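In what follows, a structure is listed as structure tokens, so that the remarks can point back to it.
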Amino acid sequence: MKLTDRIRNRFEHDGDFIMEEHILAGRPVHIMGFKSLIDLPKTWANLQSRVREAHFAIAPNPESALSILQKLGQTISEPDEAALLTVMTSGDLIICYEDPETYLDVVPVPTALTRSIEQPLNENVLLGSASAFNDDIATNIGLLKKELDTASLCTQVYVFGNHSPRKLALLYLEGQVEPALLKEVTERLEANKDRDLYNLQRICKALGFQPWKAVPKFYTTELPTEAAHTLRQGRVVLFLDRFPFAMVLPALIGDIFMMENDRNYPILFMYLIRGLRIAGIMINLIMPGLYVALVSVNPEVLRIELALTIAESRSGVPYPAFVETLLLLVVLELIIVASVRLPKSVGPTLTVVGGIILGQAVVEAKLVSSLLIIILAATTIANSAVVGFQNSLPIRLFKYLTLILASLYGILGIMSGLVMICAYLASVTTYGIPYLYFFKPKDDSHG
């Protein structure tokens with residue numbers, strides 16, 4: 001059975017597949033592709049136009065017709081069913097003609113399947129560029145090249161996977177990137193090309209990261225300005241097709257509270273903003289545990305007036321301070337998760353109204369104290385002060401460590417928890433680069 005017949009039989013019941021016979025350059029040809037990926041009328045008009053232009057340069061005869069057809073695309077050297085399927089699923093058009101049997105890979109006019117360049121959805125910018133990465137890898141690379149505008153920006157494109165091939169691009173600045181980091185990343189990417197990459201966990205496995213780590217090994221951003229800044233620092237950037245953000249390697253402690261966009265403010269306000277973010281991190285880690293420590297373990301630290309006020313607010317509460325704090329923290333985590341999953345038109349309204357009603361109800365039912373409502377509301381707000389949703393996840397996790405230690409050892413437990421967190425962060429490395437390391441751009445004397 002001929003190869004074209006096998007392809008036709010394979011997609012006999014596929015309504016998106018197209019296989020038609022046409023006359024091109026005076027020769028009968030078959031065209032094959034998928035309607036959803038190809039704008040067929042525009043593609044066919046473009047091919048006809050190119051054939052007509054070529055006829056002016058070459059006299060029409062059978063040999064010249066064959067040479068014209070071969071100029072329309074790239075000849076598939078070893079055509080088989082798997083090779084043709086790979087070409088078609090990537091969005092290209094196949095032109096097949098006989099005598100001799102030849103298959104051409106033609107780049108068509110594609111169907112627009114990606115969003116235009118829009119404002120960022122998850123990272124708000126007050127002063128700076130409002131462009132954000134989208135789902136198309138070529139567009140993302142172009143945005144980054146537009147931001148940097150230098151010939152030192154190098155791009156390496158890999159195709160990962162056998163069952164579902166997907167492109168991944170590695171970008172770095174020549175002369176700025178750390179050589180050991182670039183060597184390690186490229187070796188791991190080359191060694192895992194057969195792995196299908198369709199989520200971030202599989203990317204972590206391909207890069208050799210341990211799965212059970214609380215701190216992310218890469219930092220995600222949808223802002224070209226932030227990705228360009230990390231490249232100037234000597235880090236590398238990864239783009240995966242159909243993912244609307246850049247992955248920066250390695251992630252560092254500074255990514256939690258520092259943004260390149262901060263430099264668009266006066267330097268005094270820049271340091272104030274970063275100081276507020278650091279204060280938000282400390283509030284998130286300490287406040288719930290401090291409440292439990294002062295109420296349950298170390299009440300003698302409080303002034304008598306404050307101790308009486310807290311005792312009055314907790315009158316009638318049947319649970320220990322640790323249980324009521326943990327209960328309300330879990331409820332707040334559920335509200336955060338629900339706000340992400342609910343439709344944007346109703347999500348903020350339902351979560352705000354639900355939070356107010358729930359908070360008022362649990363206080364009137366004497367299940368938690370009113371002071372705890374205030375403390376945990378401040379903690380939740382402080383958690384949102386850090387840069388990036390992904391960076392806030394480890395902080396949300398670490399506060400439970402200080403909470404448990406505070407319920408056992410009081411203020412000493414909080415201090416022990418902070419020491420343990422700092423020791424853990426100091427032990428985290430990515431390709432030999434410590435998490436607590438600060439990159440300094442080589443062309444910036446101020447860091």
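Between Glu305 and Val352, the FRET efficiency estimated from the beta carbon spacing at R0 = 35 angstrom works out to 0.60. Under a Gaussian network description of the chain, with springs only between Cα atoms under 10 Å, the residue in Ile141, Ile95, Ile357 that fluctuates furthest is Ile357. Here Leu408 and Val340 are evaluated by their C-beta separation; at R0 = 25 Å the FRET efficiency comes out at 0.15.
Counting only Cβ charges, +1 for Lys and Arg and -1 for Asp and Glu, the dipole size of the chain around its Cα centre is about 1100 debye. For a label point 7 angstrom out from the Cα of Gln74 toward its Cβ, which stretches of the range 225-251 have the backbone nitrogen within less than 15 Å? What the label zone holds, given the 15 Å backbone N cut-off, is no residue at all.
List the residues of the range 73-110 whose backbone N lies under 13 Å from a point placed 7 Å from the Cα of Asp39 along the Cα-to-Cβ direction. So the set is 108-110. The convex hull built on the alpha-carbon positions of the range 197-312 has an orientation-averaged projected area of 11.6 nm². Once you sort the root eigenvalues of the Cα gyration tensor of the range 320-364 as a ≥ b ≥ c, which label holds: rounded (a/c under 1.5), prolate (a/b larger than b/c) or oblate (the other case)? It comes out oblate by the Cα gyration axes. Rounded to the nearest 10 degrees, the inclination of helix 137-148 to the longest alpha-carbon principal axis of the chain is 70 degrees.
Please return the longest stretch of the chain lacking exposed loop sites, where GluC sites (Glu not before Pro) count only if DSSP places them in a loop and at most 13 other Cβ atoms lie within 10 Å. After excluding every exposed loop site, the longest remaining stretch is 175-447. Taking label points 7 Å from Cα along the Cα-to-Cβ direction, Gln201 and Ala279 give a separation of 3.9 nm.
If R0 equals 25 Å, the separation of the Cβ atoms of Gln360 and Val419 corresponds to a calculated FRET efficiency of about 0.05. With a threshold of 21 Å on the Cα-Cα distance, the over-threshold entries among Lys205/Lys344; Lys35/Lys193; Lys42/Lys71; Lys213/Lys399; Lys167/Lys193; Lys183/Lys205 are Lys205/Lys344; Lys35/Lys193. Kindly identify the range 333-447 as rounded, prolate or oblate by the Cα gyration tensor criterion: order the square roots of the eigenvalues as a ≥ b ≥ c, call it rounded if a/c is under 1.5, otherwise compare a/b with b/c, prolate if a/b is larger, else oblate. Here the range 333-447 falls in the oblate category. Across the range 123-140, the residues whose backbone nitrogen lies under 13 Å from the label position 7 Å along the beta-carbon direction of Arg242 are 135-137. Note down the net charge around Ala385, summing +1 for each Lys or Arg and -1 for each Asp or Glu among other residues with Cβ under 12 Å from its Cβ. Combined, the nearby Lys, Arg, Asp and Glu give +2.
With contacts taken as Cα pairs under 8 Å and at least 6 residues apart, the chain reaches a relative contact order of 13 percent. Using a Gaussian network model of the chain in which every pair of alpha carbons under 10 angstrom is joined by a spring, one finds that among Ala206, Ala365, Ala378 the greatest mean-square fluctuation is at Ala365. For the pair Glu187 and Leu121, the difference between a 0.36 nm per residue extended length and the Cα-Cα distance amounts to 20.4 nm.
Using Cα atoms only, what is the angle between the long axis of helix 179-191 and the major principal axis of the chain, expressed in degrees (0 to 90) to the nearest 10? Approximately 60 degrees, to the nearest 10.
A straight Cα-to-Cα reach below 12 Å connects Lys366 with the aspartates and glutamates Glu312, Glu324, residues fewer than 8 places away in its own chain not being considered.
Dipole orientation for the chain: of the candidates Phe218, Gly208, Ile395, Ile395 has the Cα lying most toward the positive pole (charges on Cβ; Lys, Arg +1; Asp, Glu -1). For the range 63-183, the Cβ-based charge dipole about the Cα centre amounts to some 560 debye (Lys, Arg positive; Asp, Glu negative; other atoms uncharged). For the chain, the residue among Ile310, Leu171, Tyr291 whose Cα projects farthest onto the positive side of the dipole built from Cβ charges is Ile310.
Read the figures in this text as sums done on the coordinates, not as results from a lab. As the structure is a prediction and not an experimental result, all values here were calculated from the model. Neighbour counts run over all protein chains shown; Cβ positions are idealised from the backbone, glycine included.
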